[in-house]
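For reference, the structure discussed in these notes is given below.
What follows draws every value from the coordinates through simple rules; no lab data is involved. Quick caveat: nothing in here was measured; it's all calculated off a predicted structure. Methodologically, a virtual Cβ is constructed for each residue, glycine included, from the backbone with ideal geometry; neighbour enumeration extends over all protein chains shown.
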Amino acid sequence: MSIKKLNHKNSEFENNDMDFEQMLNQSFEASEKKLHVGDKIEAEILSLGPEFVIVSTGTRVDGFVPSMQMQNGAGEFTAKSGEKVTMFVTKVTRAQIFLSPNPAEQNKADNIEDAFNKNMRIEGKVTGTNTGGFDVDLQGKRAFCPMAQMDTKRIEDGAPFVGKTMEFKIIKYEQGGRNIVLSRRKVLEEEQGQKAASFSNERNVGDKVKGTVTRIEHFGAFIDIGSGIEGMAHISELAWERVAKPEDVVSLGDVVTVTIKNIENSGSRMKIALSLKDDSNNPWKNMPSHIKTGQVVSGKITRCMPFGAFAELHPGLEGLIPLSQMSATKRVNSADEVVKPGDVVSLLVKEIDSGKKRISLSIKDAANQEANMNEAQDIADYKATDSAKAASQSLGGSLADKLQAALDSSKK
C-alpha cells in the first residue's frame, strides 16, 4: 500500500473518530436533557403521518404532534419533512413527548390557573357578545365576562368592546379551565382605588377644581375631575335656582368649575360629591333687600305638597306656605285648592332662617295686611276729606260775617 493511500486511510479513521465522538457527546447531552410542559423548542420534522407528525426533540425521545395541528383547512400539511418548526411541549411521560405548534393547552391552563390562584391580571381579547356578556379569548381558551363585570359604568352597547385586548381578573376557574369567568371591573376598581388614594392626599373638601361633564342622568351629572377620577353633582347642586332637568344647566363635554362637597372612601371605590354652585352668588348670604320679615312680596308657586306650597321669591330663594296660612276665609285641606304651580301671589314674609335656608310665608297674613292697609288708607282718605270740608265751612262763615258787618256799617 502506498504512503498516499495509507495517509488517506488514516485521515478517514480520524474523521470517523471525530464523528463518533460528536455523536457520543450528543447522545449524552440528549440523555441528560429533559423537557417540561410549556417548554418552547426548535424541532425537526422527521415524518408526516395520518394521526401524528414525528419530530426530533433534542432528547432521546422523539415528539408527537397531532397531524391536524399541522394541516390547513384543506387537510394539507403546512410543513415538510426535514423542516424545522417551533413547538411547545404539552405533555411529557417517561416514554413519550407530545407537542403543539401553538402555545400548549396544558401550559395555558397552568398559566390561567396560576393567574386565578394568585389573583393576578391576565390579558384577553374580546371576540364577541352573547346573552348577558362577552366572549373572551384567553390564551386560546374561551372565557366569559358578564356585562356588569366589563366596566364600572352601565354598558348600553357592547359592540365597542369587541376586538379589543384588555386586562382581566379571573373570578371563577372550574372544570380544569372549561368554565372561566372574568372581570375587567375589578381591574378598573383597583386602578381607581390607587387613583383615589392619590386624590385623597392631594385634594380636600372645599377645593375648587375644573372638570368635564361625562354623563348626565335624571338625578344629576357625572364629572371627570382629572386622572379618570369621577364625581357626581346632584341636580340640587347644579344651580341655586330650582332645576327641572340637568340638561337645562349642563351638556356632555362641558368644562365646568366645581366645588368638592364630600369625599367618601369605601374600599376600592370612592364617592365624590360635587357642586356647581358658586358661593359668591349664594342668595342666602346675599339676601335681596326687599325680602325682609314683615314685608309683603310677590312669589311664584313652584310646587304643591300635602303640607302646603313652595314659592320662589328670588332665583335660589324658596319659602314654604303651610296649609294653615293659605286662606283667611276658609279651611284649606289641599294646597291646590288655592294655588297651582306658576301662580304669582302676594305673600307675607313671616320668618327667615338663613342658616337652615328656610323662609316661612303666608297668603292669609298678606291678605289681612293688605286689607288693613286698605282700611287704614280709607280712614286716612276720609279724615282728609272731612278736614277739607270743615276748613271750607270755616272759611265761608268768616267771609259772610265780614260782608254783613260791612253792610251794617254803610247803613249807618
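Between rounded, prolate and oblate, where does segment 277-322 land on the alpha carbon gyration tensor, with a ≥ b ≥ c its root eigenvalues, rounded for a/c under 1.5, else prolate if a/b exceeds b/c?
Cα axes put segment 277-322 in the oblate bin.
Order these by the 10 Å Cβ neighbour count, fewest first: 285, 153.
On the way: 285 9, 153 12.
So the residues, fewest neighbours to most, are 285, 153.
Given the convex hull of the Cα atoms of segment 106-183, what is a quarter of its surface area in nm²? Before the final figure, lay out the partial values.
Working: hull surface 18.9 nm².
Its average projected convex-hull area is 4.7 nm².
Given the peptides 56-69, 288-301, arrange them by the average over their residues of other C-beta atoms within 10 Å, most packed first.
Values: 56-69: 17.1, 288-301: 14.5.
Result, highest mean Cβ count within 10 Å first: 56-69, 288-301.
Could you tell me how far the Cα centroid of segment 240-293 sits from the Cα centroid of segment 137-191, in Å?
37
List, in the order given, every pair from 245/300; 125/210; 172/271; 125/153 whose Cα-Cα distance in the structure shown is over 25 Å.
On the way: 245/300 19 Å; 125/210 35 Å; 172/271 28 Å; 125/153 20 Å.
Beyond 25 Å: 125/210; 172/271.
Hey, with R₀ at 45 Å, roughly what FRET efficiency would residue 224 and residue 369 work out to, going by the Cβ-Cβ distance, to 0.05? Let's see the in-between values first.
Values: r = 52 Å, r/R0 = 1.16.
E between residue 224 and residue 369, to the nearest 0.05, is 0.30.
Using every Cα-Cα pair within segment 204-281, state what percent have a distance larger than 20 Å.
24
Write out the GluC sites (Glu not before Pro) in segment 134-193 meeting two conditions: DSSP loop, and at most 15 other Cβ atoms within 10 Å of their Cβ.
Details: sites: 156, 167, 174, 189, 190, 191; in loops: 156.
Those that pass, being in a loop and sparsely packed, are 156.
Suppose each label sits 7 Å from its Cα in the direction of the beta carbon; what would the residue 48-residue 296 distance come out to in nanometres?
10.6
Quick one: what does P(r) look like for segment 26-100 with 10 Å bins over all Cα pairs, in whole %?
20, 54, 22, 3, 0
I need the GluC sites (Glu not before Pro) found in segment 50-141, filtered to DSSP loop residues with at most 14 other beta carbons within 10 Å of theirs.
Values: sites: 51, 76, 83, 105, 113, 123; in loops: 51, 76, 83.
Those that pass, being in a loop and sparsely packed, are 51, 76, 83.
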